[in-house]
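Note sheet for the following structure.
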Amino acid sequence: MISLSDKQKALLFQGRDKWRMNSFPDKGIPEVLMSDGPNGLRIEAEKGLGFSPSKPAVAFPTESLMACSFDRELLYSYGKILAEECRENHINVLLGPGVCHKRSPLCGRNFEYFSEDPVLAGELAASYINGVQDGGVAASLKHFAGNSREKGRQIEDSIIDERTLQEIYLKQFRIAVRKSHPWTIMPAYNLLNGVHCTENRKLLDEGRSWGFDGAYISDWGAVYNPVESIKNGLNVEMPGGDLHTDEKILKAQENGEISENCLSESTDHILKLIERCTNNDNCKYDRSTHLQFARKAAEDSAVLLRNENAILPLHNEDSIALIGYAARKPRYTGSGSSHVNSYAEDSLFSAMKKRRIAFAFEQGCSSNGMGINERRIKRAVSLAAIKDKVIVCCALPEGLESEGYDRTALDLPADQLRMIEEIEKVNQNIVVIIQSGAPVLLPFRDKVKGILLMYLGGCQSGKACLSLLYGDVNPSGKLAETWPKSLESTPSYKYFDNDMHQVQYREGIFTGYRYYDTFHIQTSFVFGSGLSYTSFLYRNMSVSTDGNTIHVSVVIENTGSRKGKETVMLFAGMTNSRIARADHELIDFEKIELDAGKNRTAEFTVPMEKLAYYDTNMHAWSVEEGEYILSSGSALDHLYCNASVCLKGNSQPYTALQKEYLHHAEDGSMYVSDDDYACMLGHAIPEKKKMLPMTQDTAISELSEKKLGSVINLIVRAVIHHMHIDGTDVNLNEMPIRSILWLDHMNWDVSELAVSYMNKHSGDTLKKLIRAYKKACRSK
C-alpha cells in the first residue's frame, strides 16, 4: 500500500510537463510517458508550442481507411504492433483510438475517426484497444464526448438531445468500454449541454456505469477549472508544468470545496493506471514487419468504388499514363497531433518503377491545389491521348484538412478536376485514385471507369495501391461513411459551423446513412459501398430467438473465379414502429474469406439490447414490442436477404423526436424549426454565449473588447508564430484565454486574474496580477 501526502496526491492530478505525469520513485511510483499515436507514434523531437517535429516512426493507415476493412482481427493486430513501437520508445500511454461520430465530412479531424456508425466504430475501437493493452500499453479512448468539429473546439457547447446523445454519440464509447476496458479515457475539449466535458459529472459517471475503472485524462488544455474537474471525476490534467494546480486543489480541500476522499479516489485511479502500464520490459520491434503490416492494412481496407467494363485489374501489356502530383508525392498521413514523421515512404510512381512497369508520367496539376496550370494540363492530356489506360492520382492537400480547423467545402482542387475533365475528352479509360482523409465531391464519377479510394493509406500506400490495381490483391474494403452528392445534402449542413460558441445537433439521430437512407436522399456512394474482383451470392437466411437473444445465419457463396473477402453486414429496422427510427441500423458485421466456388455460413448472435432505442421518459434503453426486419448484404443498397422476427417489449415507447421535424429547403438542405428543436431537447434552446463578461473561454479574437485583452492578443500572436501548425490564424482566433497557460510564466492564478481585470479594471486586481506574474517568473 503506497502512502502519499495530500501534496503528492494533488501533484499526481497535475501533469509534470507536456508528455509526462508526475512521479515519486522513492514511493515506488515510476514515470509515465504519453504519446500521440492513433496511426503511428508522434514523439516530439523538440520542445515547443503546437505540433513540434517528431521522431521517425512508421506511418500506418489512418482510422478513416482502417475502418473500411470491417475487420476486427486486423484492428487487434494493429493494436499489438502499436504497442511494440510504444515499448521500444518507453511509451506507457498511447493517445488513441478516436471514436468520435463523423457528423459532417467537413470536420478537419475526420481522418482520425472510424465511422458515422457507432456499432462499427465501437467494435473496431475495442479490438484496437485490446491489442494495445495486451501489449502492456495503455490506450486512451477519445474524445469523450460530442466532439464533432474543430471550429471553436475548446470553447464550443454541443447541444445534443438525450436520445441522440445516447444512440449516436455515446454508444461507440459504451461498446468499446464494455468489450476492451480501456485503461484511460480522454474527456474532450468541448462543453456538452452547457458543462465542460472535463468537469461533467453526469458524463464521467456514465462512463463509470459501463464498467470503466481506469483514469480520466484530459485532452491537452481542455481543463477549464481544475478544482471543478477533480471534484466531478477527472483524474489527470494535461499538459502539466508549473500551473499551481496542486496549490488550488489543496486550498479547495482546506476550504471544504472538495473532500479528502475525493482526492484519494482520484489518486487510486491514477495508481491503478501506473501499475497497469509500467510493468513491461522494453522491446525492439522489427521495422520491416511493421512496414509490411502497414501495406497489408492498406490493401485490406482500400475501397474500389467503380470498375466499369472491368477496367481493373490492369494487365502488364497495358500502356499506362500516370498523371497527378500525388502519384509521386502522396498524401498518406494525417495532420496535427496524428501527423507521423515516417521512417520510409513510397508512392505509386516508385512502386511502378520498382516493379518495372512501363509507364509515362506527367504531373498535370499543382501540389497545393492553388491555381490552374494550363501547360501542365495540356501535357497530361497529350500523354493520355496515346496510352491505353490513364491512372490519375488525386489528393486533398494537407492544408485543406487538419486538426485545429474544419474544411469549408467538399471539393477537390479545381486544377485536379479540370485535369480529369480535359483527359476524359481524349481517353475514356480512366482510373482515379483518391487520397483524402474524408469524403470529397466526385463530379467525374460517371465519366471515369475506375475509382479506387485509398483515404490516407500510410507510408506503404504506393505498394498497396499497385497490388490492388494489378490484381495481386483482391479489393475488399467497404465505405464506413456515406459519400454525399453535395454539401447541402449533408444533414448537419445548416448547423455545423454557424456559431463559434455553440453547435446545435438539430438532425438528432438522423445523421450519416440513417438520414440519407430514411429520407431517400441521393448520395455519391452509400454506407458499405465497395467492389471486388469476384462476386458473392447471399442465400438461406434464417432468424430465430430464445427470448433474450436473436440467432441469425446466412449462407455466403463466392460465385466468381478468384478468392476474395466479403463483409457480411446485418441491419435491423421495424415495419410499424410507434416512434421515429431510421429505416436501417447496423447491428453486426463479419468479414469472411472464400475461395472461388466455396461457401460459408455467417452466424450472428444478437443480444436483444442491440435492437433497443433510448427512451427519454424512462432515461433507459428499451426494446419496442413489434415486428423487426433483419437484412443482410454487402452494403446499404445491396441487402440481399431479409427475415422478420417478432419481439416482446415496451408497447408504449416514447421519444420527443418526430420525423416530421425534419424539413427540406429548395436547395436540398435539411432544417428543423426552433419550436421542434426545443421539443426534441425537452427544454428551451440554450441562449448563445454573450461576449461579456469575459471568462476563461473567451476567444483570443474577442479580446479586443478590453484594453488588456488587446495587449494579450498581441503577445499571444507574437508567440504563436513559433507554432508548427497550419491554419494558424484560424486556430489562434478560436483559442480561449486559458490557452496562455501553454506560455512561459503563466499559471492558473495569472490567467484568472487577467480575466478578472479585463472585466472590472480594478487597480487592486491589476496589482495582484503583476505580483502573480512576477512570482511565476521566479518559480521557473
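The values are calculated or read from the model by the stated rules, or taken from the named source; none is laboratory data. Because the structure is predicted, anything quoted here is derived from the model rather than measured. Positions of Cβ are backbone-derived with ideal geometry, glycine not excepted, and every protein chain shown enters the neighbour counts. Side chains included, ligands, DNA and RNA excluded: accessible areas come from the protein's heavy atoms. Shrake-Rupley method; radii C 1.70, N 1.55, O 1.52, S 1.80 Å.
Out of Ala360, Gly336, Leu322, whose Cα points farthest toward the positive end of the dipole of the range 322-381 (charges: +1 Lys, Arg; -1 Asp, Glu; placed on Cβ)? Sorting the options by dipole projection puts first Ala360.
Give me the number: length gained by fully extending Glu308 to Leu537, i.e. 0.36 nm times residue separation minus the C-alpha to C-alpha distance, one decimal in nm. Please report the intermediate quantities before stating the final value.
On the way: separation 229, 0.36 × 229 = 82.44 nm, distance 2.01 nm.
That works out to 80.4 nm of additional length.
Each part gets one Cα centre, and for the range 424-502 versus the range 345-378 those centres are 18 Å apart.
For Arg738, Arg174, the ranking by accessible surface with the largest value first comes to Arg174, Arg738, using a 1.4 Å probe.
So how do 122-128, 567-573, 366-372 stack up, highest first, on mean other-Cβ count within 10 Å? Can you show the working numbers first?
On the way: 122-128: 27.4, 567-573: 22.9, 366-372: 14.4.
Descending mean neighbour count gives 122-128, 567-573, 366-372.
Dipole magnitude for the range 311-434: about 540 debye, using +1 per Lys or Arg Cβ and -1 per Asp or Glu Cβ, origin at the Cα centre.
For Asp117, the accessible surface of its heavy atoms amounts to roughly 0 Å² (probe 1.4 Å, protein chains only, rounded to the nearest 10).
Placing unit charges on the Cβ atoms of the charged side chains and taking the dipole of the range 418-574 about its Cα centre, the candidate lying farthest along the positive direction among Leu452, Gly573, Thr511 is Leu452. Given charges of +1 on the Cβ of Lys and Arg and -1 on the Cβ of Asp and Glu, with all other atoms neutral, how large is the dipole of the chain about its Cα centre, in debye to the nearest 20? Rounded to the nearest 20 debye, it is 1980 debye. Between Asp546 and Ala620, the FRET efficiency from the beta-carbon distance, with R0 = 22 Å, is close to 0.45.
Protein heavy-atom accessible surface, 1.4 Å probe, per residue over the chain: 37 Å². Were the residues from Ser673 through Tyr654 laid out at 0.36 nm apart, the gain over their Cα-Cα distance would be 4.8 nm.
Distance between the 7 Å Cα→Cβ label points at Asn599 and Gln428: 3.8 nm.
Return the carbon/sulfur percentage of the accessible area of the chain, one whole number, probe 1.4 Å, all protein chains in place. Walk me through the numbers on the way to the answer.
On the way: 13410 of 28700 Å².
Of all accessible area on the chain, carbon and sulfur atoms account for 47 percent.
Work out the length of the dipole vector of the range 601-653 about its Cα centre, built from +1 on the beta-carbon of each Lys and Arg and -1 on the beta-carbon of each Asp and Glu, and round it to the nearest 20 debye.
Details: 2 positive and 7 negative charges, 12 e Å.
That gives a dipole near 60 debye.
Let a ≥ b ≥ c be the square roots of the eigenvalues of the Cα gyration tensor of the range 487-577; is it rounded (a/c under 1.5), or, if not, prolate (a/b larger than b/c) or oblate? In terms of gyration-tensor shape, oblate.
At a Förster distance of 35 Å, what's the computed FRET efficiency of Ser259 paired with Arg20, Cβ-Cβ distance as r, to 0.05? Could the numbers behind the result be given before it?
Working: r = 28 Å, r/R0 = 0.80.
After rounding to 0.05, the efficiency reads 0.80.
Shape class for the range 303-343: prolate, because the ratio a/c of the largest to smallest gyration tensor axis (alpha-carbon atoms, square roots of eigenvalues) is 1.5 or more and a/b beats b/c.
How would you rank 322-333, 589-600, highest first, on the average number of other Cβ atoms within 10 Å across their residues?
Details: 322-333: 25.2, 589-600: 15.6.
So the order, starting with the most tightly packed, is 322-333, 589-600.
The solvent-accessible area of Arg581, taken with every protein chain present and a 1.4 Å probe, is close to 20 Å². Here the label points at Met1 and Asp242, each 7 Å from Cα along the C-beta direction, are separated by 3.7 nm in the simple model. Within the range 282-320, the GluC sites (Glu not before Pro) that combine a DSSP coil assignment with at most 14 other C-beta atoms in a 10 angstrom radius are Glu317.
Potential lengthening of the chain between His663 and His745 amounts to 24.3 nm, from the contour at 0.36 nm per residue minus the alpha-carbon distance.
Annotation: Ile521 carries an accessible surface of approximately 40 Å², with a 1.4 Å probe and no ligand, DNA or RNA atoms counted.
I need to check one value: relative contact order of the chain, counting alpha carbon pairs closer than 8 Å and at least 6 residues apart, in percent. Mind dumping the intermediate values first?
Numbers: 1844 pairs, mean separation 109.2, N = 780.
For the chain, the relative contact order is 14 percent.
Take the alpha carbon gyration tensor of the range 152-296, find the square roots of its eigenvalues, order them as a ≥ b ≥ c, and report rounded if a/c is under 1.5; if not, report prolate when a/b exceeds b/c, else oblate. Kindly include the intermediate steps, with their values, before the conclusion.
Details: a/c = 1.84, a/b = 1.29, b/c = 1.43.
Since a/c reaches 1.5 but b/c is at least a/b, the shape of the range 152-296 is classed as oblate.
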